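Okay, structure first, notes after.
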Amino acid sequence: MYKKFWDEKFETMNDDAMKTFQLEKLKETVKWVYDRIPFYKKAFDTHGVKPSDLQRLEDISKFPFTMKTDLRDNYPFGLCAVPMSEVVRIHASSGTTGKPITGPYTAEDLDQWTECMARGLWAQEVRPDSVLQNAYGMGLFTGGLGFLQGAIRVGCAVVPSGAGMTERQIMLIQDFGTSALCCTPSYCLTIIEKAEKMGIDLKKTSLRTGHFGAEPWSVEMRNDIEGRGGIHAYEHYGLTELMGPGVSFTCEYYQIHINEDHVYPEIVDPGTLEPVPEGEEGELVFTALQRRAMPMIRYRTRDICSLKKERCKCGRTLITMDKILGRSDDMMIISGVNVFPSQVETVLMEFAEVEPQYQIRLSKKGYIDHITVETELKKHMYEQSKENIDNISRRISERIHQIIGINVPVTIVPSETIERSIGKAKRIIDER
Ligand code: ADP
Ligand code: ZN
């Protein structure tokens with residue numbers, strides 16, 4: 001009989017003990033960066049705060065934020081607190097929104113990251129007898145190696161298939177008896193679609209669980225993946241700046257638990273930068289608690305979400321976060337309404353006729369911004385009359401208006417014209 005939790009002490013720690021632990025680690029970390037990184041010394045001094053001002057957890061709000069631009073300005077190693085002789089690995093972000101962000105690790109940092117990943121995978125039914133196929137991109141991107149290390153620590157059989165070569169992924173699932181599949185949710189859809197085309201029913205294979213992350217996806221998308229793949233779709237969240245994946249993970253109740261003994265979370269109003277009351281939506285901010293090579297202080301993730309401190313049925317006391325609505329960079333303002341691609345996705349997924357593939361095209365007509373949503377239909381739906389197809393796009397458009405409150409034309413594009421993702425899906429095509 002396997003143990004229930006990977007790390008019972010921290011996963012089920014009571015609130016007071018966790019707060020005490022976090023405070024101690026926070027104190028260490030602010031001092032660590034102040035003494036070693038000129039950028040932080042200057043930022044704290046300019047802000048009029050000293051490490052000794054951190055006496056209670058709430059005092060963290062006295063400290064300045066760190067932003068993506070700070071990482072870029074100090075590219076590649078200006079924010080590294082240790083000499084290269086102590087760095088054992090350097091990752092870089094996938095650069096979705098610009099120049100890559102570097103992530104150096106000491107041996108101890110790597111070990112902690114591995115623990116965070118093992119904790120998540122264990123919570124998601126991965127055991128030594130599992131066969132785990134890791135189809136995240138291997139390389140600079142933290143996804144591939146992060147999952148690999150965590151899986152090795154759990155002791156399951158790892159198949160490092162990497163991203164792409166979708167037919168081979170399906171062959172490996174069948175031949176190796178893969179039980180757990182790790183990849184982005186959009187790549188899982190690509191795999192499911194390809195399998196369907198090859199006449200292979202993934203529900204009849206050994207596949208049982210999916211470990212998805214690295215991009216926003218709606219609950220409706222998750223339901224679709226679970227239904228078509230015959231799996232329990234779990235989630236991971238993280239970012240290169242904090243460690244990579246491993247910042248948080250879902251338990252069997254779909255609650256996203258944050259490894260709050262490693263990262264201290266806050267939610268702030270992205271406009272005023274003031275903390276928002278618990279449960280309210282805002283920008284997720286993290287402070288690293290135990291990292292040594294490049295610990296971030298109050299890092300603004302630009303990810304929009306909310307935090308909840310509720311007891312979860314799984315028994316973990318780790319604080320939970322809501323599903324990420326999207327990155328603030330991806331927020332579109334349409335006729336004065338803030339819209340995230342994931343909201344459009346939620347509406348599209350209501351339509352059984354629609355293949356869950358979509359793109360949001362932004363263009364300029366004269367001085368006016370123009371937006372269209374492009375999506376595809378299930379293969380057999382194209383055999384319908386043009387009138388019927390137009391009717392579907394009109395109904396989707398009406399529903400978007402009803403739910404999100406914006407007028408957006410919806411274009412049904414021919415089957416398989418939207419590029420299939422093998423990593424992070426590109427939802428917004430900005431032609432302005
Ligand atoms: P990049 O910014 O180049 O994509 P990363 O590979 O470090 O860099 O990706 C981190 C970002 O990916 C997060 O800040 C977040 O926007 C997104 N992300 C990661 N996991 C999830 C998830 N489970 N849900 C939504 N978004 C996610
Ligand atoms: Zn839980």
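The values are calculated or read from the model by the stated rules, or taken from the named source; none is laboratory data. Fair warning: this is a prediction, and the values are worked out from it, not measured in the lab. A quick note on method: Cβ atoms are made from the backbone with ideal geometry, for glycine too, and the neighbour counts reach across all protein chains shown. For accessibility, only protein heavy atoms count, side chains too; no ligands or nucleic acids. Shrake-Rupley method; radii C 1.70, N 1.55, O 1.52, S 1.80 Å.
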Inset, instruction - Inspect the range 322-334 for any residue being within 16 Å of ligand 2 (Cβ to nearest atom) and closer than 24 Å to GLU278 by Cα and give the result as yes or no. - result: yes
Inset, instruction - Quick one: in the range 318-357, of everything that is surrounded by fewer than 20 Cβ atoms within 10 Å (Cβ to Cβ) and among the β-branched types (Val, Ile, Thr), which residue is farthest from THR417 (Cα to Cα)? - result: VAL337
Legend entry - Residue that is among the β-branched types (Val, Ile, Thr) and part of a loop (DSSP other than H, G, I, E, B), where the choices are ILE191, ILE225, ILE267, ILE200: ILE200
Inset, instruction - Name every residue in the range 158-169 that is hydrophobic (A, V, I, L, M, F, W, C) and buried (at least 17 other Cβ atoms within 10 Å of the Cβ), in order of residue number. - result: VAL158, VAL159, ALA163
Inset, instruction - Considering every residue within the range 127-136, establish whether at least one is open to solvent by 10 Å² or more (accessible area, probe 1.4 Å) and either closer than 16 Å to GLY244 by Cα or at pLDDT below 95 (or both). - result: no
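Hey, could you check the range 1-26 for residues that are basic (Lys, Arg) and assigned to a helix (DSSP H, G or I) and say which is most open to solvent (accessible area, probe 1.4 Å)?
Only one residue tops the list, namely LYS9.
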Inset, instruction - Within the range 234-249, identify whether any single residue is more than 17 Å from the chain's Cα centre (by Cα), assigned by TED's automatic domain parsing to the domain that holds THR114 and either within 10 Å of ligand 1 (Cβ to nearest atom) or closer than 27 Å to GLN357 by Cα (or both), and answer yes or no. - result: no
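Identify, from the list ARG89, ARG72, the residue that is within 16 Å of ligand 1 (Cβ to nearest atom), more than 22 Å from PRO270 (Cβ to Cβ) and either open to solvent by 70 Å² or more (accessible area, probe 1.4 Å) or in the same structural domain as GLU215 (by TED's automatic domain parsing) (or both). Quick ask: steps written out before the conclusion?
On the way: ARG72 fails: more than 22 Å from PRO270 (Cβ to Cβ).
Just one listed residue meets the conditions, ARG89.
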Legend entry - Only listed residue being of a type in the set (S, T, N, Q), open to solvent by 20 Å² or more (accessible area, probe 1.4 Å) and either closer than 30 Å to LEU26 by Cβ or at pLDDT 95 or above (or both), chosen from THR250, THR287, THR272, THR209: THR272
Legend entry - Odd one out for GLY279 among (1) open to solvent by less than 50 Å² (accessible area, probe 1.4 Å); (2) part of a strand (DSSP E or B): (2)
Legend entry - Set ARG316, ARG300: member being at pLDDT 95 or above, of a type in the set (Lys, Arg) and assigned to a loop (DSSP other than H, G, I, E, B): ARG316
Legend entry - Residue list for the range 116-126, filter: crowded, with 21+ Cβ neighbours inside 10 Å and either of a type outside the set (Gly, Ala, Ser) or within 24 Å of ALA425 (Cα to Cα) (or both): CYS116, MET117, ARG119, GLY120, LEU121, TRP122, GLN124, VAL126
